[in-house]
1. By a straight-distance test (C-alpha under 15 Å), which aspartates and glutamates pair with residue 40 as possible cross-link partners, with residues fewer than eight away in the same chain excluded?
2. Using a/c under 1.5 as the rounded threshold, could you call the range 140-224 rounded, prolate or oblate? The axes a ≥ b ≥ c are square roots of the C-alpha gyration tensor eigenvalues, and prolate needs a/b larger than b/c, oblate otherwise.
3. I'd like to compare 180-187, 212-219, 115-122: which one has the highest average count of other Cβ atoms within 10 Å, and what's the full order after that?
4. Using a cut-off of 19 Å between alpha-carbon atoms, which lysines can reach residue 104, once sequence neighbours fewer than 8 places away in the same chain are excluded?
5. Which one of 260, 110, 11 has its Cα pushed farthest toward the positive end of the charge dipole of the chain, where Lys and Arg give +1 and Asp and Glu give -1 at the Cβ?
6. Please give the per residue volume of the convex hull enclosing the alpha carbon atoms of the chain, rounded to a whole number of Å³.
7. Under a point-charge model restricted to the Cβ atoms of Lys and Arg (+1) and Asp and Glu (-1), what is the dipole moment magnitude of the chain relative to its Cα centre, in debye to the nearest 20?
8. Along the positive direction of the dipole of the chain (beta-carbon charges: Lys, Arg +1; Asp, Glu -1; about the Cα centre), which of 32, 289, 54 reaches farthest?
Amino acid sequence: MNLADEWLYRADDWGLIEVSDSDRLSFLHNQSTNDFKSLKPGDQCDTVFVTSTARTIDLVTAYVLEDVVLLLVSPGMVAPLMKLLDRYIFFADKVKLRDVSAAKSVLRLVGEGCTGILNKLGAVPEAGQIGATIGGQNVTIATGCGLNLPGYTVICDATDEEAVLAGLELPSPKYDWDELRIRQGRPIPGHELTDEFNPLEAGLWHTISFDKGCYIGQETIARLDTYNGVKQQLWGFQLDQSVEVGTPVMVAETKVGQVTSILPSDAGFIGLAYVKTKAGGAGLAVTIGAAPTTLADLPYLTRAKQA
């Protein structure tokens with residue numbers, strides 16, 4: 001993968017939830033894994049919404065603007081997250097939720113070359129987000145592209161999307177988003193983020209504040225950390241042939257995990273699988289279907305507290 005290349009992804013199937021009013025940061029602080037109370041306009045963070053028993057619901061990127069927080073949520077997750085959040089808004093809370101997915105467009109710029117392109121437009125954020133003009137339209141630009149790769153996220157009004165695209169003049173990507181996120185190890189709902197797994201197992205330690213106070217699922221996550229209770233972890237693999245999602249991962253005659261995602265690529269088939277921690281990790285020789293392979297660590301995944 002050549003990081004000097006630059007690609008543009010239209011995140012048309014992702015959703016945006018606008019959280020507004022004066023209690024918005026403290027409300028989100030209490031609902032998900034990361035620390036929102038320390039954030040200020042221009043900041044952003046990845047955070048995980050979990051159940052009361054710390055089972056994963058969605059991995060979300062939050063952009064803190066002057067008067068609102070925008071939550072970029074996975075495809076198909078606006079309705080369930082709106083329902084979840086609304087359940088915890090009480091009478092005295094000053095919090096408002098709005099689905100702005102149809103009103104806004106989200107463009108993901110990936111690759112080191114994107115900085116040079118934005119520089120020519122005078123639109124590179126030094127940190128966090130900035131307001132800029134691209135293609136004659138006002139946009140918000142944030143550092144980061146949702147992966148452990150250089151890049152940016154551009155948010156604009158949906159009616160301005162074509163003008164912004166023309167102003168960027170970026171090519172279509174070599175890889176589709178699903179292939180790129182598997183190459184990186186980013187988990188998604190319905191595959192790696194389900195009620196079977198928690199954020200520590202999913203390699204999302206970088207999205208968790210272990211110092212903040214109580215939030216939904218906090219007690220379970222704290223116990224898992226304190227007592228080394230991470231029973232399985234997410235790893236990458238490559239095969240010469242396809243298998244079904246759910247195919248067992250085997251060491252000799254023992255099942256040690258299961259496949260959660262798999263896609264064809266220019267190097268065969270690439271995928272993600274949860275494997276029992278006690279079985280081993282990167283470099284472990286396993287069999288998936290009838291094919292031998294080895295487990296690989298991936299750039300997006302983290303497995304310990306972040307400094």
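Where a number appears in this text, it was derived from the coordinates with a stated rule and is not lab data. Since we're looking at a predicted model, the values are computed, not measured. Glycine gets a Cβ as well: all are built from the backbone with ideal geometry, and neighbour counts include every protein chain shown.
1. Cα-Cα hits under 15 Å: 21, 23, 66, 67.
2. prolate
3. 180-187, 212-219, 115-122
4. 96
5. 260
6. Convex hull volume per residue, Cα atoms: 130 Å³.
7. Rounded to the nearest 20 debye, it is 880 debye.
8. So the residue we want is 54.
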